[in-house]
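The values are calculated or read from the model by the stated rules, or taken from the named source; none is laboratory data. Please read all numbers here as calculations on a predicted model, not as lab measurements. Here the Cβ positions follow ideal geometry from the backbone for every residue, glycine too, while neighbour counts run over all protein chains shown. Ligands, DNA and RNA are excluded from the accessible area calculation, which covers all protein heavy atoms including side chains. Shrake-Rupley method; radii C 1.70, N 1.55, O 1.52, S 1.80 Å.
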Amino acid sequence: MNPIPALRFVVRVALQNIVRNRGIAFASLLTVTLTLLGAGAAVGVVFALDKVLQQEESQASVLKVFMADHISFASALNLEHTLASEPNVQAASFENKDQAAAQASSTLGLGGALHVLETSGGGNPLPASINLHLKNIAAVTAINNQVSTSDLLFPGPHQTDYNKDVIPRVEHYILAAQLGGAILVAVVGAVALVIITISVRTAAFVRRQEIEIMKLVGATDWFVRWPFILEGMILGVISALLASGVLLGVGVAFGSGGSLALGVGVRLAVLISLGLILGGAVLGSFGSLVGIRRSLAT
Amino acid sequence: MSISTSPAPPRPQVAETTRPARHEPPIIVFQNVSKTYPNGATAIRDVSFTIPPRDFVFVVGASGAGKSTIIRLLIREETATKGHVLVEGQDLARLRRRHLPRLRRKMGIVFQDFKLLPTLTVAQNVAFAIQVTDPGRSHLKEKVGEALYIVGLEDKLNTFPTELSGGEQQRVAIARALVHRPRIFLADEPTGNLDPDAGWGIVQLLLQINHRGATVVMATHNREVVDLCRRRVLAMEGGGLIRDEQEGQYLKDGEANL
Ligand SMILES: Nc1ncnc2c1ncn2[C@@H]1O[C@H](COP(=O)(O)OP(=O)(O)OP(=O)(O)O)[C@@H](O)[C@H]1O
Ligand SMILES: [Mg+2]
């Protein structure tokens with residue numbers, strides 16, 4: 001059995017459907033492009049937000065445990081070792097007083113003040129610390145509780161250096177961004193589905209006589225369906241290409257320094273485009289299946 | 001054989017009988033079949049008959065008597081509400097939807113309104129039946145040519161349906177129904193839209209198809225045709241089968257004119 005003529009038939013009918021009903025096909029192309037555009041933009045925004053949040057999260061999940069000045073280097077290493085083996089700790093590094101001073105001079109511009117203090121006999125006021133990179137922000141509170149009872153630590157109210165407020169706020173942002181993005185994608189997806197369904201239903205209505213004859217002479221349901229599914233897929237994929245093109249254009253126009261707008265990288269842009277194409281094809285074929293159902297009912 | 005214009009084609013001789021194979025198992029069985037449509041209209045009631053292979057059967061009756069319903073049950077466009085419809089021993093109520101194409105390919109079906117695709121030529125209309133059922137389309141040209149030769153339209157391959165007479169259009173529909181070499185040929189009012197001469201041409205063609213071995217069921221209220229052919233007649237009235245006669249007539253003696 002040679003499948004090539006059947007394939008040709010399916011492709012020809014699908015293209016004819018689009019060309020003959022170009023009014024509704026164009027309308028569906030346009031609206032599906034718009035909805036995919038919305039979905040693509042939403043995904044881009046969510047990714048960009050997520051990146052920002054990740055940065056903040058990674059900062060929030062660094063826990064600086066300040067050491068009391070009197071402890072020996074050996075006990076400091078010992079404490080570092082103990083903390084490093086905690087399950088929620090990704091990495092631990094020791095930062096001595098000199099390093100703390102150097103860090104403060106470079107990032108905070110405190111070099112002059114520190115120099116004055118040291119030369120006037122005041123010594124280096126900055127404590128040594130163990131810097132913990134935690135696996136997630138949720139672990140910060142637990143680790144903090146654990147270390148705050150140790151007598152090896154710097155006395156006083158600010159033994160560790162992190163902002164308690166940041167954690168719930170960051171978590172809140174992440175949740176809101178993900179939820180909002182999901183809702184947006186779901187809504188525009190539903191709109192696209194309805195429009196493709198209407199388009200295919202119209203094509204099937206125009207071809208009702210052909211469908212009737214196909215069924216009478218013994219064509220299988222799948223043979224009747226395929227051209228319409230392909231039609232939906234073609235509309236979906238073309239829409240996705242258009243949407244990707246527009247998104248890329250906007251991204252390039254508003255981007256800078258090798259990145260697109262919102263700091264979206266090339267890799268992500270390609271992924272979004274591929275996702276839109278896949279989404280368009282799936283939406284198109286699913287919409288067609290729904291659209292053709294009624295015509296196959298009898 | 002060319003029937004396109006006058007003179008009228010020779011009318012079939014009553015004596016030219018085919019041989020319904022009554023000793024073989026019946027190819028079509030109606031067993032106490034009733035059909036009530038979803039709107040509550042009962043189209044046929046408790047209808048029973050059997051048709052042996054190679055029989056030629058007229059189904060007659062007034063408008064609304066249930067003729068088309070019998071055809072629709074046979075092609076399983078509808079299913080019986082009560083009773084059983086069997087084709088080649090297969091109970092159509094139990095036929096799975098995915099096996100429906102196999103049933104339809106065993107059958108040739110034509111209607112009063114031809115159902116040709118106006119954008120396709122004669123040859124393309126006939127080829128369509130192969131293209132949508134046989135992805136390999138083996139011997140497409142030969143099969144189309146043969147079917148059009150049987151109906152006498154081998155010289156109209158590239159003509160469009162709108163350029164043909166009604167009788168010729170029905171011939172194209174018959175050719176399309178023949179490409180699968182059906183064992184059963186169903187015709188619902190095939191002469192309904194035709195003038196008497198063209199109608200006769202179609203009936204002759206159906207007799208010829210029957211002669212080649214197909215079982216033919218023709219629903220009609222064409223009295224002249226039925227009375228001249230003297231074939232088996234199933235007469236319907238108000239959804240019931242009132243008469244089943246070999247070499248029957250449209251009306252029984254003394255029956256009111258329908
Ligand atoms: N799809 C349907 N839905 C509801 N009722 C129907 C349907 N088709 C037919 N009927 C009813 O069933 C009865 C029989 O109809 P059917 O079409 O079988 O008659 P027929 O003998 O073919 O008539 P005609 O000579 O006018 O074609 C009629 O009363 C008709 O109104
Ligand atoms: Mg009828």
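List of remarks:
- Per residue, the convex hull spanned by the Cα atoms of chain B amounts to 136 cubic angstrom.
- Amide H contacts under 5 Å for A:ALA68: A:LEU153, A:PHE154, restricted to partners 5 or more places along the chain or on a different chain, H placed in the peptide plane at 1.01 Å from N.
- Using θ = phi - 60° and Karplus 6.51 cos²θ - 1.76 cosθ + 1.60, couplings along segment B:103-109 (whole Hz; Gly, Pro as x): 5, 5, 6, 7, 10, x, 9
- Label-zone membership for segment B:74-115, site B:ASP46, 7 angstrom Cα→C-beta point, backbone N under 16 Å: B:81-84
- Share, in percent, of DSSP beta bridges within segment B:108-258 that are antiparallel, nearest 5: 35 percent
- With DNA, RNA and ligands ignored, accessible area of A:GLU80 (1.4 Å probe; Å², nearest 10): 40 Å²
- For segment A:187-201, backbone phi angles converted through the Karplus equation (6.51, -1.76, 1.60; θ = phi - 60°) give residue-by-residue couplings of 5, 5, x, 5, 4, 4, 4, 4, 5, 5, 4, 4, 4, 5, 4 Hz, Gly and Pro being listed as x.
- Where the Cα pairs of segment B:92-221 fall when distances are cut into 5 Å bins, in %: 2, 11, 21, 23, 21, 13, 5, 2, 0
- Per-residue mean of foreign Cβ neighbours for B:135-144 is 3 (Cβ atoms of other chains, 10 Å radius).
- Long-range HN-HN contacts of B:GLU237 with modeled amide H, under 5 Å: B:ILE242
- In the distance distribution for segment A:205-298, Cα-Cα pairs more than 18 Å apart total 56 percent.
- Computed from phi, the 3J(HN,Hα) profile of segment B:172-178 under the Karplus parametrisation 6.51, -1.76, 1.60 (θ = phi - 60°) reads 4, 4, 5, 4, 4, 6, 8 Hz, with x in place of Gly and Pro.
- Using 0.36 nm per residue and subtracting the Cα-Cα separation, the extra length available between B:GLN208 and B:ILE242 on full extension is 9.4 nm.
- Proximity of backbone amide H atoms, modeled 1.01 Å from N, is registered between B:ILE75 and no other residue at under 5 Å, excluding neighbours fewer than 5 places apart on the same chain.
- Once the chain from A:LEU77 to A:GLN54 is taken as fully extended at 0.36 nm per residue, the excess over their C-alpha distance is 5.3 nm.
- Exposure of A:LEU260 as accessible area (Å², to 10), given a probe of 1.4 Å and all protein chains: 30 Å²
- Mean-position separation - Cα centroids, segment A:1-40 and segment A:224-292, in angstrom: 15 Å
- Summarising the label geometry, the points placed 7 Å from Cα in the beta-carbon direction at A:VAL266 and A:HIS172 lie 4.0 nm from one another.
- With a Förster radius of 56 Å applied to the C-beta separation of B:LEU157 and A:ILE183, the computed FRET efficiency comes to 0.40.
- Number of partner chain Cβ atoms within 10 Å, mean per residue of B:127-134: 6
- Theoretical gain in end-to-end length, B:THR79 to B:ALA62 [0.36 nm per residue, Cα-Cα removed]: 3.9 nm
- Listed residues B:ARG98, B:ARG230, B:ARG22, most fluctuating in chain B (Gaussian network, C-alpha, under 10 Å): B:ARG98
- Hits among lysines - C-alpha to C-alpha of A:LYS135 under 23 Å, sequence gap 8 or more where chains match: A:LYS51, A:LYS64, A:LYS164
- Counting Cβ atoms of other protein chains within 10 Å of each residue's Cβ and taking the mean over peptide B:172-178 gives 1.
- Using only the C-alpha atoms, the convex hull of segment A:187-233 corresponds to 61 Å³ per residue.
- Solvent-accessible surface (1.4 Å probe) assigned to A:LYS51 amounts to roughly 100 Å².
- Among the listed pairs B:LYS35/B:LYS106; B:LYS82/B:LYS143; B:LYS67/B:LYS106; A:LYS215/B:LYS252; B:LYS106/B:LYS156; A:LYS215/B:LYS35, those whose Cα-Cα separation exceeds 29 Å are B:LYS82/B:LYS143; A:LYS215/B:LYS252.
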